[in-house]
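Read through the structure below, which is laid out as structure tokens, and then see the notes.
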Amino acid sequence: MIRVGVLGAAGRMGRLVSQAIADDPDLALVAAINPSYQGEHLGTMIGHPEIDVRISQEIETLLQAETEVAVDFTTPDAVMDNIRWAIEHAMHIVVGTTGIGPKELAEIERLIDDEGHESNVVVAPNFAIGAVLLQRFAALAARHFPAAEIIELHHEGKIDAPSGTALATAERMAKSREESWRGPTGESLKGVRGGEYEGFRIHSVRLPGLVAHQEVIFGGLWQTLTIRHDAPQRSSYMPGVLLAVRSVIGRPGMTVGLEPLLDLPEASL
């Protein structure tokens, strides 16, 4: 049984992660960190009153609880300090917090090297397995349909636009295609054609009632192809989180994204 501690345990995603871990017979929820909920009973908060875990504001509680894998769903301004701490203390960590860019990824790799590769790290910008598969399918389709547009739809509280998943999808599509394509640019209303990345237009929708959705529409000679993923509830991320928690111990170094964990066959483009 893997002993798991959750950073940001009282947050919206942190509670879902804590509950999913508590429901999994192969995992043990042993620690919870959240500065503003010091002393509260996490088990009661997530519907598992039998789990006697008190929320702490001290990250050292993870060590006291003999945590093997930490899961971070905190904030962009806190996540790198948490990752540094985990690596320095030879603790594996799964990171779902946003704000991890190329500069931060390079630092994580350097820290792992400096500390003798005793800690493994999984950083995933999106834990929805369907969203990961959409990116793979879109990259395959872009080889044959260079004309495409991306529509991503999220809740009104999502600040960044486009979403990281939409941008990553466009990047993979751009690398995959054999010929470039640029659609019409004329606009009678500024911005109506969306943003452009390497010839692909990206449209960001922000509305109450949405959670996370993405659609890629490909166009060719007298045919179109639409690939769409919908995550109407945040609980849809939990299978991906649990997969990362179970996998991180056996994956030396840093793993970026869920796709390497899915054991997919090599794509024949």
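Can you give the helix-only mean residue ellipticity at 222 nm for the chain, where every DSSP H stretch with n ≥ 4 adds -39500 (n - 2.57) and the sum goes over all residues, rounded to the nearest 500 deg cm²/dmol?
That comes out to -9500 deg cm²/dmol.
I want to verify the translational diffusion coefficient of region 24-141 in µm²/s; compute it with Stokes-Einstein, Rh as the Kirkwood radius over Cα pairs, at 10 °C and 1.306 mPa s.
Using the Kirkwood radius from Cα pairs, D works out to 100 µm²/s.
If I take all pairs of Cα atoms in region 120-239, what percentage of them are more than 21 Å from each other?
38
For the chain, what is the accessible area per residue in Å² when the probe is 1.4 Å?
Solvent-accessible surface per residue comes out at 50 Å².
Could you give the dipole magnitude of the chain about its Cα centre, charging the beta-carbon of Lys and Arg +1 and that of Asp and Glu -1, in debye to the nearest 20?
That gives the chain a dipole magnitude of about 1100 debye.
Carbon and sulfur atoms: what percent of the 1.4 Å accessible area of region 88-213 do they account for?
That fraction is 53 percent.
Which lysines have a Cα lying under 24 Å from the Cα of Lys175, excluding residues fewer than 8 positions away in the same chain?
Qualifying lysines at Cα under 24 Å: Lys103.
Can you pull the percent of region 1-54's accessible area that's carbon plus sulfur, 1.4 Å probe, other chains left in place?
Carbon and sulfur atoms account for 49 percent of the accessible area of region 1-54.
Take the Cβ-Cβ distance between Ser188 and Asp52 as r, set R0 to 45 Å, and report the resulting FRET efficiency rounded to the nearest 0.05. Could you put the intermediate results ahead of the total?
Values: r = 63 Å, r/R0 = 1.40.
Approximately 0.10, to the nearest 0.05.
With the alpha-carbon atoms as the only input, what is the per residue convex hull volume for region 212-268 in Å³? Don't jump to the answer; show the numbers that get you there.
Numbers: hull volume 6.9 nm³, N = 57.
So the per-residue Cα hull volume is 122 Å³.
Restricting to Cα pairs below 8 Å that are 6+ residues apart, what does the relative contact order work out to for the chain? Please round to a whole percent.
Worked out over the chain, it gives 19 percent.
Per residue Cα convex hull volume for the chain, in cubic angstrom?
Measuring per residue, one finds 146 Å³ for the Cα hull of the chain.
Given axes a ≥ b ≥ c from the Cα gyration tensor, I'd like to know whether region 132-199 is rounded (a/c under 1.5), prolate (a/b larger than b/c) or oblate.
In terms of gyration-tensor shape, oblate.
The values are calculated or read from the model by the stated rules, or taken from the named source; none is laboratory data. What you see is a predicted model, and the numbers here were worked out from it, not measured in a lab. All Cβ positions, glycine included, derive from the backbone under ideal geometry; neighbour counts span all protein chains shown. Accessible surface is based on the protein model in full, side chains and every heavy atom, while ligands, DNA and RNA are left aside. Shrake-Rupley method; radii C 1.70, N 1.55, O 1.52, S 1.80 Å.
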